[in-house]
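J.: For reference, the structure I am asking about is given below.
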């Protein structure tokens, strides 16, 4: 859970016991360790948060008086493995209110490709753009969780293999949010690629050579948002016009 400056005196506590997850082989695996961490937001206090172990449970609490707590990013380990998974929760059970077939590829590792990896760094939130040849993919993603320098890669075989990290404008290192990338075509048929970077102010970078070179990030206006232009849809009745949606 999250605590902000308005709830510094409100004590909140969560306990986690007998926790299990499905591993990549489709088997239940008990959670016997957890990492104590917090976001890097400047408004979050570190003085009145705490985490630890009680019996066979982890706990996390915030609010109230200052307290001693483990160093952030500490690993908390249970002395013994969790108990057996509850019998009333069968593996892979899923409540469904629809009848269409469900194809879950999460455990089909031969279909998965590692695009990038960096020890000790969260790499996620990718946005991709498929080019007109049906095989070239461009991918942007932050070097961190929801923020950080924008990383950029290209695939020429439909995502089976990927380039190394490609050169980017210096301003891409100043991104404060998850980037998005889109193909847009103006009313005259001129094609461009745009990369958006959110928070305030929202900024965009433009490529007019299919992603080989890019302009620096520049403000788009006196506004901002989260995952700016997370969805962009071409308006079929207005050439060169698009509908874009995001949340602030």
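J.: Are any residues in segment 156-174 closer than 13 Å to residue 113 by Cα, in contact with a strand residue (DSSP E or B) (Cβ under 6 Å, 6 or more places away or on another chain) and in contact (Cβ under 8 Å) with a residue 40 or more places away in the chain, and if so, which ones?
T.: 159, 162
J.: A follow-up question, please. Regarding residue 69, is this residue touching a strand residue (DSSP E or B) at 6+ places or on another chain (Cβ under 8 Å), over 25 Å from residue 28 (Cβ atoms) and at pLDDT below 85?
T.: yes
J.: Which of the numbered conditions does residue 208 fail, given that it passes all the others? Conditions: (1) farther than 15 Å from residue 127 by Cα; (2) at pLDDT 95 or above; (3) surrounded by 14 or more Cβ atoms within 10 Å (Cβ to Cβ).
T.: With (1) farther than 15 Å from residue 127 by Cα; (2) at pLDDT 95 or above; (3) surrounded by 14 or more Cβ atoms within 10 Å (Cβ to Cβ) applied to residue 208, the lone miss is (3).
J.: Shifting gears a bit: Hey, among 76, 105, 53, 31, which residue is at pLDDT 75 or above, within 30 Å of residue 144 (Cβ to Cβ) and touching a helix residue (DSSP H, G or I) at 6+ places or on another chain (Cβ under 6 Å)?
T.: Going through 76, 105, 53, 31 in turn, the sole match is 105.
This table checks each residue for (1) farther than 30 Å from residue 122 by Cα; (2) modelled with pLDDT of 95 or more; (3) touching a strand residue (DSSP E or B) at 6+ places or on another chain (Cβ under 9 Å).
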{"site": "181", "(1), (2), (3)": "no, yes, yes"}
{"site": "230", "(1), (2), (3)": "no, no, yes"}
{"site": "239", "(1), (2), (3)": "yes, no, yes"}
{"site": "243", "(1), (2), (3)": "yes, yes, yes"}
{"site": "248", "(1), (2), (3)": "no, no, yes"}
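J.: Just give me the residues in segment 211-223 being surrounded by 15 or more Cβ atoms within 10 Å (Cβ to Cβ) and within 22 Å of residue 165 (Cα to Cα), in sequence order.
T.: 211, 214, 217
J.: Picking from 156, 188, 161, which residue would you name as being loosely packed, with under 13 Cβ neighbours inside 10 Å and farther than 24 Å from residue 233 by Cβ?
T.: Checking each option against the conditions leaves just 161.
J.: Kindly indicate the residue of segment 224-248 that is surrounded by 12 or more Cβ atoms within 10 Å (Cβ to Cβ) and over 22 Å from the mean Cα position of the chain (by Cα) and also farthest from residue 172 (Cα to Cα) among those meeting that condition.
T.: The extreme case among them is 239.
J.: Hey, another quick one. Test of understanding: among 127, 156, which residue is under 21 Å from residue 231 (Cα atoms) and at pLDDT 95 or above?
T.: It is 127.
The values are calculated or read from the model by the stated rules, or taken from the named source; none is laboratory data. Here the structure is a predicted model, which is why all the values come from computation and not from measurement. Here Cβ is always computed from backbone atoms with ideal geometry, including for glycine, and neighbour counts include all displayed protein chains.
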